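Below you'll find the structure, written out as structure tokens, and then a few comments.
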Amino acid sequence: MGEAVGVGLIGLGVVGSGVVRALAERGEYFARQVGAPIVVRRAAVRDPAKPRNAPIDPALITADVDSLLADPAIQVVIEVMGGEEPAHRYVRQALEAGKHVVTANKELMAKRGPELLALARERGCYLLFEASVGGGIPLIAPLRRDLLANRIASVRAIINGTTNYILTRMAQEGADYAEALAEAQRLGYAEPDPTNDVEGYDAAYKLAVLATLAFRTRVAPEQIRTEGITRLSARDFLYAAELGYVIKLVAVAERRDRGLLARVAPVLLHRDEPLAKVDGVYNAVQIVGDLTGMVLFEGRGAGAEPTASAVIADLLEIAEAVVHRVPNRAAWSPEEELPILGPEEIENRYYIRVTVADRPGVLARLAKCLGDNDVSIAAVNQKEANEDQQTAELVIMTHRARESAVLKALAEIAELPVVSEVSTFLRVEE
Ligand SMILES: NC(=O)c1ccc[n+]([C@@H]2O[C@H](COP(=O)([O-])OP(=O)(O)OC[C@H]3O[C@@H](n4cnc5c(N)ncnc54)[C@H](OP(=O)(O)O)[C@@H]3O)[C@@H](O)[C@H]2O)c1
């Protein structure tokens, strides 16, 4: 058995505690696999007095991150505190000190990944981040290694369990958004402030990480057009189901002729699509490679145990390299600059729900706005009228149309005196 590999954790919350528990329970097995014991030397937290749900000697817990980063007996730093700063500073410091890093931090990798990976390479250190996307689902290693021979055509993913849980409740029980969110919060699936999840930012961070790897191009989270789920109503799910679709928050990165489409938005998915069947807090990622065709990864995208599984996989890979003194030679480097496409270059079919005055001639006026912008209607359904307010709802499905044209037509429709509201606008994901 070789010399022990020393580990320092920054963060001992849900994920950090899960990692410590698994290391305690399976330490001997890991040691046999790696050829050396793995020992937690220190864990840095915000509040050392807080009780911890992990078998760790309280003397190892500190609020002093710098002491951990300066400890020569720590070869691997596990960053599981989250957020961009000060996590970014700590990871840089660790790499500069020649320590390997494992991180579960999607925000950090989405915003600073290329820079940190370059630094890691320069120092011969590993920076692994399997847990940053999709919790326990293997995604980063397959993209880094197993799919490397492919030219990737697309990545399509349900990668936020909170929103998928909310949308599943809305679809299956007719719950409205606020009700489904409150339940997700009660069950601990949604944070007290759910903005990051429900506005799609969390999914955009994860898509940035996946797309950067898959397409070997720099995709920053702010380049990804991101729409959340807060404007959806229970009726949209009903109408979508009548048309044979489900509504899911889907993150897409797809290679097109002139660049990369990159977007997070609620979309209509045909009920027979594999992603349409991914319900509750489950995540799934569908990758199309030119050699492999479609491959699908599915599983639990969050939670202490699945995420610890991914963190420890990275830790074991590094520990083995430490034992055998193999420096990291591989690093991410961009292959090409793929421009991110705007709405004038994207075509889709669209689902539009408009609340209008319940009067004759209204549909003709809407159809004219769409027609004037070269958007043709595939189907229209007039839904029940609201007699008190003398309004009715129109659900329109378009043929394929340029997104910028549809957006322009919708802006004109919203200005019509007979229109109370353009209530929903969703793409049909094909
Ligand atoms: N939870 C999941 O299912 C999951 C899944 C995949 C990825 N992740 C990612 O994993 C990371 C950790 O998530 P989590 O759910 O474990 O978070 P968490 O439960 O909130 O734990 C965060 C930990 O970091 C510590 N911390 C925060 N700020 C600190 C600072 N400035 N200095 C030192 N320690 C600090 C906290 O200390 P105190 O305990 O003293 O407050 C806590 O122990 C995040 O990047 C998250 O996105 C989480």
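Read-outs throughout are calculated quantities, based only on the coordinates presented, and are distinct from any laboratory measurement. Only a predicted model underlies this, so the values are computations on that prediction, with no experimental measurement involved. Because the Cβ atoms are built from the backbone with ideal geometry, glycine has one as well, and the counts that use them run over all protein chains shown.
When we screen L9, L23 for residues that are in a helix (DSSP H, G or I), within 16 Å of the ligand (Cβ to nearest atom) and within 18 Å of K99 (Cβ to Cβ), the only hit is L23. Flag: A141 matches the condition of being within 16 Å of the ligand (Cβ to nearest atom) and surrounded by fewer than 24 Cβ atoms within 10 Å (Cβ to Cβ).
Against the conditions (1) β-branched (V, I, T); (2) more than 15 Å from the ligand (Cβ to nearest atom); (3) crowded, with 21+ Cβ neighbours inside 10 Å; (4) under 23 Å from the mean Cα position of the chain (by Cα), V288 satisfies every one except (3). Working only within the range 345-400, note down all residues that are assigned to a loop (DSSP other than H, G, I, E, B), on the phi < 0 side of the Ramachandran plot and either surrounded by fewer than 13 Cβ atoms within 10 Å (Cβ to Cβ) or not charged (D, E, K, R) (or both). Selection gives I346, R359, P360, N373, V375, S376, E387, D388, Q389, H399.
Of everything in the range 292-308 that is among the small types (G, A, S) and out of contact with any Pro (no Cβ under 9 Å at 6 or more places or on another chain), the residue that is nearest to the ligand (Cβ to nearest atom) is A302. Among the residues that make up the range 109-131, is at least one of them within 30 Å of Y239 (Cα to Cα) and within 16 Å of the ligand (Cβ to nearest atom)? No, the range 109-131 contains no residue that is within 30 Å of Y239 (Cα to Cα) and within 16 Å of the ligand (Cβ to nearest atom). In the range 390-416, of all residues being free of Cβ contacts under 8 Å to residues at least 24 places away in the same chain and out of contact with any strand residue (DSSP E or B) (no Cβ under 6 Å at 6 or more places or on another chain), the one that is farthest from P266 (Cα to Cα) corresponds to E415.
Assess whether N196 counts as being surrounded by fewer than 24 Cβ atoms within 10 Å (Cβ to Cβ) and of a type in the set (S, T, N, Q).
Yes, satisfied.
Put simply, of A149, A175 the only residue that is free of Cβ contacts under 8 Å to residues at least 60 places away in the same chain and more than 15 Å from the ligand (Cβ to nearest atom) is A175.
Please pick out the residue among R52, R42, R89, R32 that is free of Cβ contacts under 8 Å to residues at least 12 places away in the same chain and within 13 Å of the ligand (Cβ to nearest atom).
Answer to the check: R89.
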